[in-house]
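Quick notes on the structure that follows.
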Amino acid sequence: MSVADHLRRRIRAEGPLSVADMMASALVHPEHGYYTTRDPFGAAGDFVTAPEISQMFGELIGLWAAVVWQGMGAPDPVALVELGPGRGTLMADALRAAVGVPAFRAAAQVHLVEASPTLRQHQATRLEKARPIWHDGLDTLPDQPAIVIANEFFDALPIVQLVRDGRNWRERRLAVVADAEEFFWTLTPGASPHAGLLDPGLRQNAPDGALAEICPSGLSIARHLADRLNRFGGAVLAIDYGHAVSAAGDTLQAVQRHKPADILATLGNADLTAHVDFGALGRAVAEAGAVQHGPLGQGAFLRQLGIEARAEALCRAATTEQCAAVHSACARLIHPDEMGTLFKVVAWTRADASPPPGFE
Ligand SMILES: C[S@@+](CC[C@H](N)C(=O)[O-])C[C@H]1O[C@@H](n2cnc3c(N)ncnc32)[C@H](O)[C@@H]1O
């Protein structure tokens, strides 16, 4: 059975489904989900992420983590956690760079939060020597100080879409044509309880017909992490494409073979993402008593961490061709027309902690 068949069955049994239910099934259904069943990365796959573009990305984040750890008073052990680690490339590069700070490397225990059994296999191969511990969610992470990294994780979490209708916000749902295969969008007849989670300004001032998005699981993960920071200390680094301030707009998109795809025609066979609302995440973190630093553009953040010097260092030991590839990868990560400004970086810490490197 495909994801589409599974969704049709559910809709016929339960009625129209929320966008969040649709996204969760399409991406991480235990048998048929997009991530569950494949390795989607790279030129032969559907998309390329920053750690897959260059080793510099993970290396700089590894050194960032080592400096953060020193600022925490060098706790031993410390949990080095990655949410949605993909092929394990970022963590492998981070750990290699962290060898330069041997006490950190020795103290760090690697924990991976990953929904996909297929990608867990890749991570197991890549990170065998680090002996990672896998988790289905955050609840089983150890009660320890932790440094948490999340690159392109929050954009994969299910969102709810709300449409303003007079005084109410109704929820967008997925329906299926009677006695046929085609999906279509519909709206709930009444007001959605999720409207209470919208930014108050947006909730009151958005025009009729405006579409707004909420990521309930992202907000709950942000609150959970903020609570952990308050209890055990540490820092969270989240990198994703999105907006700094909550705003209306439909950002749900499907990507297949590096191109935008039709969402309803590719369920379970294309990546599905939504822009991350860093304003909403920052409010959730603040409500839980922690602090959001940033957002900064990915380009500004990587420059602060010294990506250009790292590119020069790699070039010193490289052929002319390899050096050109290093510079092209560097430009892709930091140039404003590439990933430099669309991708944003935030860090979360306890309210009494100093801003982490890159955010001073
Ligand atoms: C876009 S990929 C990013 C991978 C990696 N961080 C990188 O930058 O290459 C999203 C990752 O999050 C995982 N993922 C998606 N939804 C998840 C969920 N609800 N819980 C845990 N992992 C999830 C996917 O399996 C995948 O590893």
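Listed by first and then second residue, the pairs linking a residue in region 288-309 that is of a type in the set (S, T, N, Q) and crowded, with 22+ Cβ neighbours inside 10 Å to a residue that is assigned to a strand (DSSP E or B) and modelled with pLDDT of 95 or more, with Cβ atoms under 7 Å apart and 6 or more places separating them unless they lie on different chains, are Gln292/Val346; Gln292/Trp348; Gln298/Ile239; Gln298/Phe343; Gln298/Lys344; Gln298/Val345. Region 86-153 holds strands (runs of 3 or more DSSP E) entirely within its bounds, and those carrying 1 or more residues that are among the hydrophobic types (A, V, I, L, M, F, W, C), within 8 Å of the ligand (Cβ to nearest atom) and out of contact with any His (no Cβ under 8 Å at 6 or more places or on another chain) map to 146-151. Condition check: of a type in the set (Val, Ile, Thr), out of contact with any Leu (no Cβ under 6 Å at 6 or more places or on another chain) and either buried (at least 19 other Cβ atoms within 10 Å of the Cβ) or under 21 Å from Ser54 (Cβ atoms) (or both). Does Thr118 satisfy that? The answer is no for Thr118.
Screening Tyr241 on (1) of a type in the set (Ser, Thr, Tyr); (2) closer than 30 Å to Trp69 by Cβ; (3) more than 16 Å from the ligand (Cβ to nearest atom) shows it passes everything except condition (3).
Screening region 1-21 for residues that are more than 16 Å from the ligand (Cβ to nearest atom) and among the acidic types (Asp, Glu) and picking the one that is surrounded by the most Cβ atoms within 10 Å (Cβ to Cβ) gives Asp5. Is region 22-32 home to any residue that is under 17 Å from the mean Cα position of the chain (by Cα), within 11 Å of the ligand (Cβ to nearest atom) and either over 22 Å from Pro85 (Cβ atoms) or not in a helix (DSSP H, G or I) (or both)? There is no residue in region 22-32 that is under 17 Å from the mean Cα position of the chain (by Cα), within 11 Å of the ligand (Cβ to nearest atom) and either over 22 Å from Pro85 (Cβ atoms) or not in a helix (DSSP H, G or I) (or both).
Among residues of region 139-158 that are among the charged types (D, E, K, R), those with a Cβ under 8 angstrom from a residue that is more than 15 Å from the ligand (Cβ to nearest atom), sequence gap 6+ or separate chain, pair up as Asp143/Arg231; Asp143/Phe232. Can you pull out every residue in region 272-321 that is assigned to a loop (DSSP other than H, G, I, E, B) and either within 16 Å of the ligand (Cβ to nearest atom) or more than 15 Å from Leu237 (Cα to Cα) (or both)? Within region 272-321, Ala274, His275, Ala288, Gly289, Gly306, Ala317, Ala318, Thr319 qualify. Looking across region 47-85, the residues that are assigned to a loop (DSSP other than H, G, I, E, B) and within 16 Å of the ligand (Cβ to nearest atom) come down to Val48, Thr49, Ser54, Gly84, Pro85. The numbered conditions (1) among the β-branched types (Val, Ile, Thr); (2) away from the ligand (no atom under 16 Å from the Cβ); (3) surrounded by 18 or more Cβ atoms within 10 Å (Cβ to Cβ); (4) farther than 30 Å from Leu198 by Cα are all true for Val163 except (4).
The values are calculated or read from the model by the stated rules, or taken from the named source; none is laboratory data. A quick note: this is a predicted structure, and the numbers were derived from the prediction, not measured. Don't worry about glycine lacking a Cβ; one is built from the backbone with ideal geometry, like all the others, and counts go over all protein chains shown.
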